[in-house]
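Shown next, in structure tokens, is the structure this report addresses.
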Amino acid sequence: MIRSAFILLSIGTIMACNSNETQKENKGSDITLVTLDPGHFHAALVQKTMYPGVDSNVYVYAPEGPDLNLHLDRIKAYNTRADQPTHWNEQVYTGADFFQKMIAEKKGNIVVMAGNNQKKTEYIFNTVDAGMNVLADKPMVINSEGFDLLKKAFAKAAEKKVLLYDIMTERFEINTMLQREFSQAKKLFGELEKGTPDNPAVTKESVHYFYKFVSGNVLQRPSWFMDVMQQGEGIVDVTTHLVDLVQWESFPGQVLDYNKDVALISAKRWPTNMTLSQFNAITKQSAFPEYLKKDLTNDSTLSVYSNGEINYTLRGVHAKVSVTWGYKAPEGTGDTHYSIMRGTRTNLIIKQGKEENYKPVLYIEPVNKKDADFEKDLNEAVQTVQAKFPGIGIEKTAKGWKAVIPEKYNTGHEAHFGQVTESYLKYLKEGKLPDWEVPNMITKYYITTSALELAKKASAK
């Protein structure tokens, strides 16, 4: 039955605090979260921690179904955990007009969007048009048609004086932050190479798996996650992070213009195949839904276009980003990341393979092995970096050095959602994003959506 009114979920199921604690948390709160159709587990991760000045009441607008139930179960788990439990109070509306109801009621001032991407860009535009701030999971757009609407959404956000921002968690991974920092130590790094298509100056590769653990449990994915018409192809999904990092590390704090600074060279896409039994293991569905029939081979194998590669230049610097998805990681492994920034004097390389016990490690290697002053200049750079990241050190390796990172910095992927949210709240308090963020978000999504068009043309030949 469709419910047409808010349901205040029982204290016994969602709240892990008494009413006095709730009143204390709410007192003086000037920020209230709204969650729109939370189909992706990232929506819950935004609420894995509490935030000062943010109301513990959260208003959820979504259709009834497993996506909503899984989201509420995750919030309940955070509320009832033994270690630092949260005390979110989820108030849920499940009418068929959930989006219109959200706009009409304006129960909060930050709308969190992490779910089905098919309508996300439209939701973003209409939400900022209504004068509400948006914190959106990537990708904010999955095709070129949506890109034009996204540009309008940013213009509308400026007009309405609200902040539209995407959740770039990888900027908070410590090895990535250190790669950026060391690349800015010009005496050590030199200048960023221009590179070539065959040997880019910046390369970022990401390997993911459909079957994975999140917050200690096997992740149940919605069936639509495997439909590229709803989730988006890999080349416009995970690559959003990689393209963002190329910009964030190579041209920190600089405004980029996609009309002038970007040149696409090539792009390709290819599928990951999945059997019905594998599909069932991650979705709990016994059959492929009708909307996935278009992607079946012999009625039994699902082809998901989750893999992609983009070769392009950014201000003349050659970059390559690629994402691949497997079904399940080998025992003891998981999602992995590889990255290299090639300087005229130093290569900064992040590896996450067997040698690193599948944990990311930053290597700092001289281009010229006979560079006599390299170690002295490296130690100077380390001292500078330590001012920002106390405790960071280096250790000699066969090819150079590697960063030695105190455990306190290895917060993990899930914690990065809270860090992004804290940054967003700071920007909201200041009333604006950094000047470079909006043009660079537009540039980022131009690259991903244009690359998809290019890859489709290439695969059609």
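The values are calculated or read from the model by the stated rules, or taken from the named source; none is laboratory data. Only a predicted model underlies this, so the values are computations on that prediction, with no experimental measurement involved. Cβ sites come from the backbone with ideal geometry, for glycine too, and all protein chains shown count toward neighbours. Please note that ligands, DNA and RNA were not included when accessible areas were found on the heavy atoms of the full protein model with its side chains. Shrake-Rupley method; radii C 1.70, N 1.55, O 1.52, S 1.80 Å.
Let's see how each residue does on (1) part of a helix (DSSP H, G or I); (2) without any contact (Cβ under 8 Å) to a residue 24 or more places away in the chain; (3) surrounded by fewer than 22 Cβ atoms within 10 Å (Cβ to Cβ); (4) not hydrophobic (A, V, I, L, M, F, W, C):
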site	(1), (2), (3), (4)
247	yes, no, no, yes
254	no, no, yes, yes
267	no, no, no, no
279	yes, no, no, no
282	yes, no, no, no
287	no, yes, yes, no
293	yes, yes, yes, yes
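What do you reckon, is residue 309 without any contact (Cβ under 8 Å) to a residue 60 or more places away in the chain, closer than 30 Å to residue 282 by Cα and not aromatic (Phe, Trp, Tyr)? Before you say what the answer is, go through the steps one by one.
Details: without any contact (Cβ under 8 Å) to a residue 60 or more places away in the chain: no; closer than 30 Å to residue 282 by Cα: yes; not aromatic (Phe, Trp, Tyr): yes.
No: the conditions fail for residue 309.
Which one is modelled with the lowest pLDDT, of the residues in segment 17-59 that are polar (S, T, N, Q) and part of a loop (DSSP other than H, G, I, E, B)? Talk me through it step by step, then tell me what you get.
Here is the first cut: in segment 17-59, the residues polar (S, T, N, Q) are 18-20, 22-23, 26, 29, 32, 35, 47, 49, 56-57.
Still in the running and part of a loop (DSSP other than H, G, I, E, B): 18, 29, 47, 49.
Working: 18: 35, 29: 73, 47: 98, 49: 97.
It comes out as 18.
What are the pairs, 6+ residues apart or on separate chains, where a residue within segment 96-108 that is among the aliphatic types (A, V, I, L, M) has its Cβ under 8 Å from a residue that is modelled with pLDDT under 95 and open to solvent by 60 Å² or more (accessible area, probe 1.4 Å)?
96/2
Name the residue, out of 409, 446, that is under 17 Å from residue 177 (Cα atoms), open to solvent by 30 Å² or more (accessible area, probe 1.4 Å) and of a type outside the set (D, E, K, R).
Being under 17 Å from residue 177 (Cα atoms), open to solvent by 30 Å² or more (accessible area, probe 1.4 Å) and of a type outside the set (D, E, K, R) holds for just one of 409, 446, which is 409.
From the set of residues in segment 60-91 that are part of a helix (DSSP H, G or I) and of a type in the set (A, V, I, L, M), which is surrounded by the most Cβ atoms within 10 Å (Cβ to Cβ)? Working first, answer last.
Start the filter on segment 60-91 by keeping residues that are part of a helix (DSSP H, G or I), which leaves 66-80.
Going one step further and asking which of them are of a type in the set (A, V, I, L, M), we end up with 68, 70, 72, 75, 77.
Working: 68: 22, 70: 19, 72: 21, 75: 24, 77: 16.
Looking at residues that are part of a helix (DSSP H, G or I) and of a type in the set (A, V, I, L, M), I get 75.
Check off (1) more than 30 Å from residue 308 (Cβ to Cβ); (2) modelled with pLDDT of 95 or more for residue 419 and give me the number that stays unchecked.
(1)
Listed residues 452, 433; which is assigned to a loop (DSSP other than H, G, I, E, B) and buried (at least 17 other Cβ atoms within 10 Å of the Cβ)?
Values: 452 fails: assigned to a loop (DSSP other than H, G, I, E, B).
One residue alone meets the criteria, 433.
Could you name every one of the helices (runs of 4 or more DSSP H) located completely within segment 92-196 that has at least 3 residues being modelled with pLDDT of 95 or more and open to solvent by 10 Å² or more (accessible area, probe 1.4 Å)?
Those helices (runs of 4 or more DSSP H) span 98-105, 120-129, 144-160, 174-183.
Could you list all residues from segment 229-238 that are assigned to a loop (DSSP other than H, G, I, E, B) and either under 15 Å from the mean Cα position of the chain (by Cα) or crowded, with 24+ Cβ neighbours inside 10 Å (or both)? Explain how you work it out, then say what you get.
Here is the first cut: in segment 229-238, the ones assigned to a loop (DSSP other than H, G, I, E, B) are 229-233, 237-238.
231, 232, 233, 237, 238 - these are the residues of segment 229-238 that are assigned to a loop (DSSP other than H, G, I, E, B) and either under 15 Å from the mean Cα position of the chain (by Cα) or crowded, with 24+ Cβ neighbours inside 10 Å (or both).
Got at least one residue in segment 207-217 being in contact with an Asp or Glu (Cβ under 8 Å, 6 or more places away or on another chain), outside any loop (DSSP other than H, G, I, E, B), at negative phi and open to solvent by less than 10 Å² (accessible area, probe 1.4 Å)?
Here is the first cut: in segment 207-217, the residues in contact with an Asp or Glu (Cβ under 8 Å, 6 or more places away or on another chain) are 207-209, 212, 214-215.
Retained after the next criterion (residues that are outside any loop (DSSP other than H, G, I, E, B)): 207-209, 214.
Retained after the next criterion (residues that are at negative phi): 207-209, 214.
Checking the rest, the ones that are also open to solvent by less than 10 Å² (accessible area, probe 1.4 Å) come to none.
No: zero hits.
Among the residues of segment 271-290, how many are more than 26 Å from the chain's Cα centre (by Cα) and of a type in the set (Phe, Trp, Tyr)? If you could, list the steps in order and put the result at the bottom.
To start, the set of residues in segment 271-290 that are more than 26 Å from the chain's Cα centre (by Cα) comprises 275-277, 285-290.
Adding the requirement that they be of a type in the set (Phe, Trp, Tyr) leaves 288.
Within segment 271-290, residues that are more than 26 Å from the chain's Cα centre (by Cα) and of a type in the set (Phe, Trp, Tyr) number 1.
Looking at 315, 342 in this structure, which one is open to solvent by 50 Å² or more (accessible area, probe 1.4 Å), closer than 30 Å to residue 369 by Cβ and not hydroxyl-bearing (Ser, Thr, Tyr)?
Values: 342 fails: open to solvent by 50 Å² or more (accessible area, probe 1.4 Å).
Exactly one of 315, 342 is open to solvent by 50 Å² or more (accessible area, probe 1.4 Å), closer than 30 Å to residue 369 by Cβ and not hydroxyl-bearing (Ser, Thr, Tyr), namely 315.
Count, please, the residues in segment 355-378 that happen to be assigned to a helix (DSSP H, G or I) and open to solvent by 90 Å² or more (accessible area, probe 1.4 Å). Break it down stepwise before answering.
Within segment 355-378, the first condition is being assigned to a helix (DSSP H, G or I), and the residues that meet it are 355-356, 374-378.
After this cut, where a residue has to be open to solvent by 90 Å² or more (accessible area, probe 1.4 Å) as well, the list is 355, 375-376.
Result for segment 355-378: 3.
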